[in-house]
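I have placed the structure first, in the form of structure tokens, so that the comments after it can refer back to it.
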Amino acid sequence: EATANEGYTFENWTEDDEIVSTNATYAFEVVEDRDLVANFVINEYEITASVNPTNAGTIEGAGVYNYGEEATLEATANEGYTFENWTEDDDIVSTNAIYTFEVVVERDLVANFSINEYEITASVVPENAGTIEGAGVYNYGEAATLEATANEGYTFENWTEDGEEVSTEMVYTFEVVEDRELVANFSINGYEIIASVNPENAGTITGAGVYNYGETATLGVTENVGYDFVNWTEDGEVVSTDMVYAFVVVSDRELVANFSINGYEITASVNPEDAGTVTGAGVYNYGETATLAATANEGYSFENWTEYGEEVSTNAIYTFEVVSDRELTANFAINQYEITASAA
């Protein structure tokens, strides 16, 4: 009777290399000396190994082993995965990627991997220029979508990473394969402040130009001689009556500084009172031409025009540019006539 040890299986009985029985228990009548051999074969066991999840990695070392041999299984993670453990019938048997064991039975092992998680961070430059959605933790191979939204007064420029431009689209989608630290860059808007004078030669303006969003623009006016500042208007609407107009810039603006031309009173009197008449006195705008005409009454002759006792003209028709109030006097002399008489 032949009994196999663990890991072996009885094959047959041989005598002089001839098979005499395939039964472990061999009964025969003894009639002579015999030299029998009980033949055994070593058991073979299949070691199978699978990957979970399927595409997470690769395995080496699975196959058929003889009883008592040492099997070495090696699990290698694919990109984006990390080896976790070996399990058999859902029980953890090793946490080493290289698992070595003595083969004594068939085994069905699973190499378990976890998918890597990566952090996608995003910041805004300048800090208050806009907002970002989509940053966070993603699994390897997922699609991350970052969306930048500009705050009022700013314009999105691009996404950069380590100072290098990676996209000029406000919505940036990419496959996650590693941690990433992205920056959404914005530029502050520049707005043009235009200012003009009405009427054209009435004064001058300072402060017009290009300003960044949120800056304070200060427009100032200087009156030319003969004009008075009235107000600032935009699209015909009064926005300020102050000569210095300060405001926060949030858009392009086109402003008009309005002036009124000064009116001056030209008065003219006759000396002596009943010596003649004067025309042309009245109110004139700055820069207009006034023409005063003196006409002598009968018996009088025009002499000159005076202002505060100073002669300003000897012409009966006196023309001048109006730049101030004036008080003029048309002076006349009474005519003298010679009466001669002779005796005859």
*Is it fair to say Glu74 is within 30 Å of Asp179 (Cα to Cα), of a type in the set (Asp, Glu) and without any contact (Cβ under 8 Å) to a residue 60 or more places away in the chain?*
yes
_Residues of region 73-88 that turn out to be closer than 19 Å to Asn139 by Cβ, assigned to a strand (DSSP E or B) and acidic (Asp, Glu), as a count_ = 1
_Flag if Ala293 is of a type in the set (Gly, Ala, Ser), farther than 23 Å from Asp228 by Cα and open to solvent by less than 40 Å² (accessible area, probe 1.4 Å)_ = yes
_With the requirement that a residue be open to solvent by less than 40 Å² (accessible area, probe 1.4 Å) and farther than 24 Å from Gly309 by Cβ, what does region 259-289 give you?_
Phe259, Asn262, Gly287
*Residue check for Gly130: free of Cβ contacts under 8 Å to residues at least 60 places away in the same chain, closer than 30 Å to Asn262 by Cα and buried (at least 18 other Cβ atoms within 10 Å of the Cβ)*: no
*Which residue, of Phe40, Phe10, is within 21 Å of Glu69 (Cα to Cα), assigned to a strand (DSSP E or B), at pLDDT 95 or above and open to solvent by 50 Å² or more (accessible area, probe 1.4 Å)?*
Phe40
*Condition test on Ala49, is it touching a Leu at 6+ places or on another chain (Cβ under 7 Å) and either in contact (Cβ under 8 Å) with a residue 40 or more places away in the chain or more than 21 Å from Phe113 (Cα to Cα) (or both)?*
yes
*Being buried (at least 17 other Cβ atoms within 10 Å of the Cβ) and free of Cβ contacts under 8 Å to residues at least 40 places away in the same chain is the filter here, so list the residues in region 175-200 that pass it.*
Asn189
*Tally, over region 205-235, of residues that are surrounded by fewer than 13 Cβ atoms within 10 Å (Cβ to Cβ) and assigned to a loop (DSSP other than H, G, I, E, B)*: 2
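The values are calculated or read from the model by the stated rules, or taken from the named source; none is laboratory data. All of these numbers come straight from a predicted model, not from anything done at the bench. We place every Cβ from the backbone using ideal geometry, glycine too, and count neighbours over all the protein chains shown. What goes into the accessible areas is simple: the full protein's heavy atoms, side chains included, and nothing from ligands, DNA or RNA. Shrake-Rupley method; radii C 1.70, N 1.55, O 1.52, S 1.80 Å.
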